[in-house]
Amino acid sequence: MVQPPPRDTLFDIGQVQEDFVFSERVAQVFDDMLDRSVPFYQEVIKGTARLLDIFLGPDDTVIDLGCSTGTTLLQLARLLPHKELHFIGIDNSPAMLDKARLKAEMFSKQDRVSFLAGDITETEEAGTGAFLLNYTLQFIRPLRRKEFIRRLFQNLRPGGVVILSEKMISHDPLLNRKYIDIYHQFKLERGYSELEIARKREALENVLIPFSMEENRELLLSAGFTSVEPFFQWFNFTSFLAIKPE
Ligand code: GEK
């Protein structure tokens, strides 16, 4: 029987006092953390599956950049068995990759899904069908983002796609504050305490640097993507589809 993931209490008992890092302790509770911290996480994966079903062909490769414990790729492999896609996850946290490999074995998906250690900003995989960049660009230094997105564009085959999901800021100060309040409420409703939320926000302060919708859109357009459209939005969380022209 599949056990539920261990509960995320990292910021409850003050286990994390320094800046946030993707450590062994974080990896252990990560699935529960994502489930309770990312609005409509599963819906975004299902939406991604619908889009990949349209834009990818048999034998295409899907690369998940910042794949963490592999949840997205394993779900996609389950949702798109007819496409015969190859799935590769890349992450630089060994603890996350250990969990991802274990889950791939548990769900008997190790033939289709592989996980590699590496820095995603150095990705070199010419002819890729799709790059997934879900809640990860926000951890890349802002000055490096333009070059990184350009590299992804170059490595995609014509007609290939990027899926970009991020927490975003609004340049309207009132809306920005209200969206953050609504997200705060979302986490309270999922069992996090005020103190846990405040501690995590502090730990992420210098680590997670969100861009606005416009800035993310501009990053994609300036790299050469032609169609750049949001396919999902929940207050300050947005997912984009960007298509490389044929
Ligand atoms: C999901 N996409 O389930 N190179 C490689 N990995 C990195 C780098 C880097 N430079 N920087 C950060 N990471 C996943 C969730 S989590 C989002 C992504 C979050 C990795 C880091 O180790 C972590 O596993 C992941 O990016 C970000 O949809 O924790 O909010």
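Any read-out appearing in this document is the output of simple, stated calculations on the displayed coordinates, not a laboratory observation. Small disclaimer: the values here were computed from a predicted structure and weren't measured. With ideal geometry, Cβ positions are generated from the backbone for all residues, glycine too; neighbour counts draw on all protein chains shown.
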So how far apart, in nm, are the two label points at A198 and R7 if each is 7 Å from Cα heading toward Cβ? 2.2
For segment 156-212, the spread of Cα positions along each principal axis, largest first, Å: 47, 25, 24
What one gets for segment 94-246 as the Kirkwood radius, inverse of mean 1/r over different Cα pairs in Å, is 17.3
Using alpha carbon centers only, segment 214-246 is separated from segment 75-132 by a whole-angstrom value of 23
Which GluC sites (Glu not before Pro) does segment 134-236 hold that lie in a coil by DSSP with at most 15 other beta carbons within 10 Å? E205
Hull volume per residue for segment 51-115, using the convex hull of the C-alpha atoms, in Å³ is 68
Answer rounded, prolate or oblate for segment 24-154, using the Cα gyration tensor with square roots of eigenvalues a ≥ b ≥ c: rounded when a/c is under 1.5, else prolate when a/b is larger than b/c, else oblate. rounded
On a 28 Å Cα-Cα criterion, which of the cross-link pairs K46/K99; K109/K187; K46/K109; K178/K244; K103/K187; K109/K146 come out too long? K109/K187; K178/K244; K109/K146
Distance in nm between pseudo-label sites at E229 and A126 (7 Å out along the Cβ direction from Cα): 3.2
If every Lys and Arg gets +1 and every Asp and Glu gets -1 at its Cβ, then about the Cα centre the chain yields a dipole, in debye to the nearest 20, of 240
Loop trypsin sites (Lys or Arg not before Pro), segment 87-144, which have at most 14 other Cβ atoms in a 10 Å radius of their Cβ (DSSP): none
Compute from the Cα atoms of segment 108-182 the Rg and the Dmax, the latter being the longest Cα-Cα distance, and quote both in angstrom. 15.9, 49
At a threshold of 8 angstrom on Cα-Cα distance, excluding pairs fewer than six apart, so keeping six or more, what relative contact order does segment 56-197 reach in percent? 22
So what's the back-of-envelope 222 nm ellipticity for the chain, counting only DSSP H runs of four-plus at -39500 (n - 2.57) apiece and dividing by all residues, rounded to 500? -13500 deg cm²/dmol
